[in-house]
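Read the structure below first, then the notes.
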Amino acid sequence: MGATGGVASTLNEKFDASPWPRVCEKFRQEFGQHAFSRWLGQLGYNGIDGGTAELTAPTKFVRDWIQSHYAPRLKDFFSAEDPQVKALSIRLCTSAAASPNGNKASAGENASIAHSPATVGSRADESSALDPKYTFDSFVVGKSNELAYAAAKRISESDDVAFNPLFLHGGVGLGKTHLMHAIAWETKRNNPNKRIVYISAEKFMFEFIAALRFKDTHAFKQKFRAVDLLMVDDVQFIANKESTQEEFFHTFNALVDNRCQVVITADRSPTDLEGIQERIISRLGWGLVADIHPTDYELRLGILQSKAEQSKNVEVPAEVLEFLARRITSNVRELEGALNRVLAYATLVGRPITMDMTRDVLQDLIRANDRKLTIDEIQRAVADYFNLRLAEMLSERRARTIARPRQIAMYLSKQLTSRSLPEIGRRFGGRDHTTVMHAVRKIEDLRRDDSQLDEDITRLGRLLEG
């Protein structure tokens with residue numbers, strides 16, 4: 001049993017009603033098995049009422065996460081199956097409503113229980129929830145994650161590790177869960193007899209509360225303390241859950257005292273965790289704390305190139321990968337999802353991937369990731385870079401030392417903002433939109449032939465993105 005709980009064993013129950021099975025499959029294809037297991041697999045389907053597809057979620061967190069990250073696409077999937085569907089409703093399970101796997105939820109902390117208590121103390125293979133795509137081989141290493149990667153590799157390859165626990169922290173979609181899965185796969189490959197448990201902190205709480213309710217705490221303790229490697233994802237979710245924290249504290253101590261490895265992830269460093277007991281925070285900082293920073297342009301491009309190489313039937317132009325690496329900056333998960341969407345569209349429609357097609361398919365993501373750079377900011381950055389006064393770049397002067405930076409600024413304004421060509425022209429001293437078009441084409445041609453100019457523009461892009 002892993003972070004997804006009884007998802008695999010209850011899929012048939014969830015898929016009884018139409019069009020839910022096809023919506024689930026579309027979600028899985030677009031967002032991947034891990035996202036499906038982690039989020040959609042926790043929902044219940046109640047049918048369609050008055051043009052509204054009705055779903056239920058086991059916790060407020062799950063409901064809010066799906067509403068903010070996946071609701072628009074879920075509505076689109078339902079509408080594609082049934083044109084009558086115009087809205088999507090996700091409500092919490094209540095004491096009168098069945099949770100996704102048929103259990104009843106109770107009030108307070110117990111209302112979060114959405115898994116069968118039969119899973120408590122199970123000896124099932126805890127790797128069942130691991131995604132086979134999340135390995136060290138598929139993890140792209142850069143400056144932002146090299147320490148976390150090296151530490152994760154060391155844990156999976158050696159029984160004598162100087163740090164325990166390993167605490168990985170960083171924002172959403174930066175690779176923490178990928179590394180956790182990779183540690184499990186590599187550890188199992190190197191030592192198949194090792195007992196490994198990978199679980200989310202939220203699921204840890206589910207199982208502990210269920211153990212209390214069904215008076216089965218002994219089995220719970222046996223499950224989590226009789227392991228060689230315990231990995232707990234997103235530990236911030238047990239904030240302000242005092243009884244769960246108490247059990248987590250004793251489980252942690254028992255494992256470390258027995259020289260068993262513990263790996264923890266969170267969205268922030270131990271010292272920044274709120275609602276967590278001080279004694280737990282102190283122990284989380286005992287070992288190695290590794291921060292996974294937001295990705296830079298080079299790492300994003302490397303991730304996209306690696307993923308594009310796996311798509312043997314569709315060719316992705318380099319300019320499309322570079323465009324995505326520049327514009328989808330929020331997190332790796334969204335970046336990979338953007339490429340998946342482009343690949344799926346090209347495959348289903350039978351069209352080659354182009355810049356125009358990419359912009360059309362991803363217009364919602366591009367808008368969401370638009371950093372709201374202004375033309376003024378671009379002009380000032382380019383002027384500073386080439387040691388010009390801003391007034392010179394906006395003037396009528398045509399000397400090459402001024403005209404070329406001006407063209408670069410126009411090019412970057414077209415690439416990094418959503419402003420129209422006429423508007424860009426007006427901001428460059430009232431020039432016509434055809435002047436901007438000429439500048440963009442000129443710089444595109446020069447980038448292919450002039451490596452120094454290409455490097456200058458790449459560096460300027462990084463400065464503006466940062």
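The values are calculated or read from the model by the stated rules, or taken from the named source; none is laboratory data. This structure is a prediction, so every number in the text was calculated from the model and none was measured. As a convention, Cβ positions derive from the backbone with ideal geometry for all residues, glycine included, and neighbour counts pool all protein chains shown.
Examine the stretch 396-406 for a residue that is assigned to a helix (DSSP H, G or I), in contact with a Leu (Cβ under 7 Å, 6 or more places away or on another chain) and at pLDDT 85 or above, and state whether such a residue exists. Yes - at least one qualifying residue is present in the stretch 396-406. Residue-level check: of (1) of a type in the set (S, T, N, Q); (2) more than 26 Å from residue 297 (Cβ to Cβ); (3) modelled with pLDDT under 90, residue 415 misses just (2). Check whether at least one residue in the stretch 138-150 is more than 28 Å from residue 329 (Cβ to Cβ), touching a Gly at 6+ places or on another chain (Cβ under 9 Å) and of a type in the set (A, V, I, L, M, F, W, C), and report yes or no. Scanning the stretch 138-150 turns up no residue that is more than 28 Å from residue 329 (Cβ to Cβ), touching a Gly at 6+ places or on another chain (Cβ under 9 Å) and of a type in the set (A, V, I, L, M, F, W, C).
Pairs linking a residue in the stretch 354-371 that is closer than 14 Å to residue 416 by Cα and of a type outside the set (A, V, I, L, M, F, W, C) to a residue that is at pLDDT 80 or above and in a helix (DSSP H, G or I), with Cβ atoms under 6 Å and 6 or more positions apart or on different chains, are 369/327.
Across the stretch 252-271, the qualifying residues are those that are within 23 Å of the chain's Cα centre (by Cα) and polar (S, T, N, Q), and the one among them that is nearest to residue 232 (Cα to Cα) is 265. Scanning the stretch 1-36 for residues that are crowded, with 22+ Cβ neighbours inside 10 Å, at pLDDT 50 or above and under 19 Å from residue 184 (Cβ atoms) yields no hits at all.
Residue check: is residue 50 at pLDDT below 85 and among the small types (Gly, Ala, Ser)? The answer is no for residue 50.
Go through 276, 280 for me and flag whichever is closer than 30 Å to residue 248 by Cβ, among the aliphatic types (A, V, I, L, M) and not in a helix (DSSP H, G or I).
Values: 280 fails: not in a helix (DSSP H, G or I).
Exactly one of 276, 280 is closer than 30 Å to residue 248 by Cβ, among the aliphatic types (A, V, I, L, M) and not in a helix (DSSP H, G or I), namely 276.
I'm checking my understanding of the structure. Among residues of the stretch 376-401 that are hydroxyl-bearing (Ser, Thr, Tyr) and without any contact (Cβ under 8 Å) to a residue 60 or more places away in the chain, which one is farthest from residue 417 (Cα to Cα)? Ranking the candidates gives 401 first. Which of the residues spanning the stretch 289-301 are buried (at least 19 other Cβ atoms within 10 Å of the Cβ) and either in a helix (DSSP H, G or I) or not hydroxyl-bearing (Ser, Thr, Tyr) (or both)? Matches in the stretch 289-301: 289, 290, 292, 299, 300, 301.
Which residues, taken from the stretch 305-327, are farther than 18 Å from residue 172 by Cα and either buried (at least 20 other Cβ atoms within 10 Å of the Cβ) or of a type in the set (D, E, K, R) (or both)? Answer for the stretch 305-327, where residues must be farther than 18 Å from residue 172 by Cα and either buried (at least 20 other Cβ atoms within 10 Å of the Cβ) or of a type in the set (D, E, K, R) (or both): 307, 308, 309, 312, 315, 316, 319, 320, 321, 322, 324, 326. Among the residues of the stretch 317-336, is any under 17 Å from the mean Cα position of the chain (by Cα) and over 18 Å from residue 367 (Cα atoms)? No - not one qualifying residue is present in the stretch 317-336.
Looking only at residues of the stretch 400-454 that are of a type in the set (Asp, Glu) and more than 21 Å from residue 356 (Cα to Cα), we find that the one that is surrounded by the fewest Cβ atoms within 10 Å (Cβ to Cβ) is 449.
Listed by position, the helices (runs of 4 or more DSSP H) contained in the stretch 317-389 that have at least 3 residues being of a type in the set (Ser, Thr, Tyr), modelled with pLDDT under 85 and not assigned by TED's automatic domain parsing to the domain that holds residue 460 form an empty set.
Just to be sure before I move on: is residue 196 modelled with pLDDT of 90 or more, under 24 Å from residue 131 (Cβ atoms), under 22 Å from the mean Cα position of the chain (by Cα) and not polar (S, T, N, Q) in the structure I sent? When the stated conditions are applied, residue 196 does not pass them.
Determine whether residue 63 is crowded, with 16+ Cβ neighbours inside 10 Å, of a type in the set (D, E, K, R), at pLDDT below 80 and in contact with a Ser or Thr (Cβ under 9 Å, 6 or more places away or on another chain). Spelling it out, it is not the case that residue 63 is crowded, with 16+ Cβ neighbours inside 10 Å, of a type in the set (D, E, K, R), at pLDDT below 80 and in contact with a Ser or Thr (Cβ under 9 Å, 6 or more places away or on another chain).
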